[in-house]
Every structure is written in C-alpha cells, then in structure tokens.
1. By per-residue mean of other Cβ atoms within 10 Å, what is the highest-first order of 278-286, 140-148, 249-257?
2. So for segment 157-226, considering every pair of alpha-carbon atoms, how many percent are separated by more than 18 Å?
3. Considering Cα pairs under 8 angstrom that are at least six residues apart, work out the relative contact order of segment 21-115 and quote it in whole percent.
4. Taking N as the number of residues in segment 79-226, what is its Cα Rg relative to 2.2 N^0.38 Å?
5. From Cα pairs below 8 angstrom and at least 6 apart in sequence, can you work out the relative contact order of the chain, rounded to a whole percent?
6. Over segment 100-170, what number does the Rg to Rh ratio reach, with both radii from the alpha-carbon atoms and Rh per Kirkwood?
7. Considering the Cα positions of the chain, please state its Rg to one decimal place and its Dmax as a whole number of Å.
C-alpha cells in the first residue's frame, strides 16, 4: 500500500515537492550526530564506528561531526570557489559566469542566452539545465527556489555548507558533440595527492561510472552506480587535470575536485568534501578501507 501511495504522489509534482520540502525542514532540525547514526543504521544495517573510523565512508561521517575548516567552507560555495580557483590556477579554467541573482524570482530571462545552467550556490543538487529558455521546467525552478530557504548544511549535516549565503548563478551551458551530457571527471585527492579518478557517464540519460588510477588503469570498483562494460578513453588533458587538482587540493587532507572537458579545454566543476555525503555503497570493502587509510582524522586538525 505504501508503495502505491508513493507512486501516486510522485505523479503529482506539486504535492511531491511539498512533502519533500517538509521532510527537509524536519531533518534540518534533527541533531547532527543523532541523525548520522540513525541514517547509517538504516543505510548499512549496522552501527557506525564513529569514534574509531576505518573505512572511507566512516571517516566522512567522523569529519561531519568533529572537523571544521574555513577554507573548505569557501570552496563549497559555488560562487566563492571561483575566487579560490582563480588564485590557485587561473580563471581560464572557470566556466563562463553569465549572471548572479539573489533568487530565481529575480532572474531576467529576457537578458539570458537561449541555453544556460541555473545553479544554487549553497547546496548539492539544485541545478537546472536549460536547453531552450522557452521550455523551462517550472516545477524544478520552484523546487530550487524552495531550497534557497533550506540551510543545506543543517540538512546534509555537512558543515561546509552551514554559512553559505544562498544565491543563484547562471553559467554557460556545456554540451558534448553527441548532444549528451559531458563526461564528469572527479579526482579524489588525499593529502593533496590525486589518487583515484571517477568518470561519470550519461548522468541524465542513465547514470553510470567507471574508476581509474592516475595512470588510467581501470579499477575493479563501483560506488553506488554500475560501471559500463567498456573502457573510457584516456583524456588527452589527463596530466593537466591531475596537476590542477593537486594545486587545488593542496591545503586539504581530502577533497574531490571535479572537471569537464569541453572542446579540448579543461573546465572546473566543483570541490566536494563529503562525497555522496558518506552514504554511497562500495562494491568492495577492500577499496573502501584502502581509501579510508589514505587520510588521517584528528580531533585537533582533520584538515590541514
């Protein structure tokens, strides 16, 4: 019966979005450690080893509760991180910023190109790709507007988002030659060193991902999404991508640096400090423990 009710609700976008918004408000008010322990138990059917973490996901949960870093907070802000990227590696790696707005209601669509991307600066997921501004997904736009009223740090329990002032940024739309979404290259860095590369494919058409080491050897690893049954071609700009990631990751014990390649140019995506919020499931315990061993946690200084 519950599944039937859920399927009916999902067919009514306005009702579904209202219920999701109310649930977000409830989670935001829940005490951090209590929520993390409860969600871990529900996700993995075991107790979280929060005081002596070993695996990658366990250490991310530990970091949510005990760590803090002002530079990481700046880099989680999708607008302010542009300043950091410009300082560290230059603004030629940044996607074109078309406009900044206080909210979606203030967007002047008449002054925008036909194609663009709408992003909220303060959270993860509030993104709307517009390929034709005469056919904008109004329900998604309303959802983003509602999300501006939610403190995503309180919702996700990731302190990097706690103090971000919500804004809307409009960026240039980047499209691959075949019309599909661009490959998304995510570089997992530990103590400033790139270690693993996640390649996300067809994120909006049937999400899959492959993993490679820094020499582009394929890894026997899946995290949350299935891999494809073919090898992704080694990008020509891999060395440049790794060097730029190293420079951006240098101050941190752990961060994921994301990239796109558009017309043979490297474009910065974002910096993420809590991959999958520490709840994405690994296909291999060995890999989860290995990635966990690559960065140390300390109550005095978890990030450099």
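1. Final packing ranking: 249-257, 140-148, 278-286.
2. Distances greater than 18 Å cover 58 percent of the Cα pairs.
3. 11 percent
4. My calculation over the Cα atoms of segment 79-226 gives 1.16.
5. Relative CO of the chain lands at 21 percent.
6. Taking Rh as the inverse mean 1/r over Cα pairs, Rg/Rh reads 0.99.
7. Both quantities, over Cα of the chain: 19.4, 55 Å.
No value in this document is a laboratory result; all are computed from the given coordinates. Note that the structure is a prediction, hence the values are computed from the model and not measured. So basically every Cβ, Gly included, is an ideal-geometry build from the backbone, and we count neighbours across all protein chains shown.
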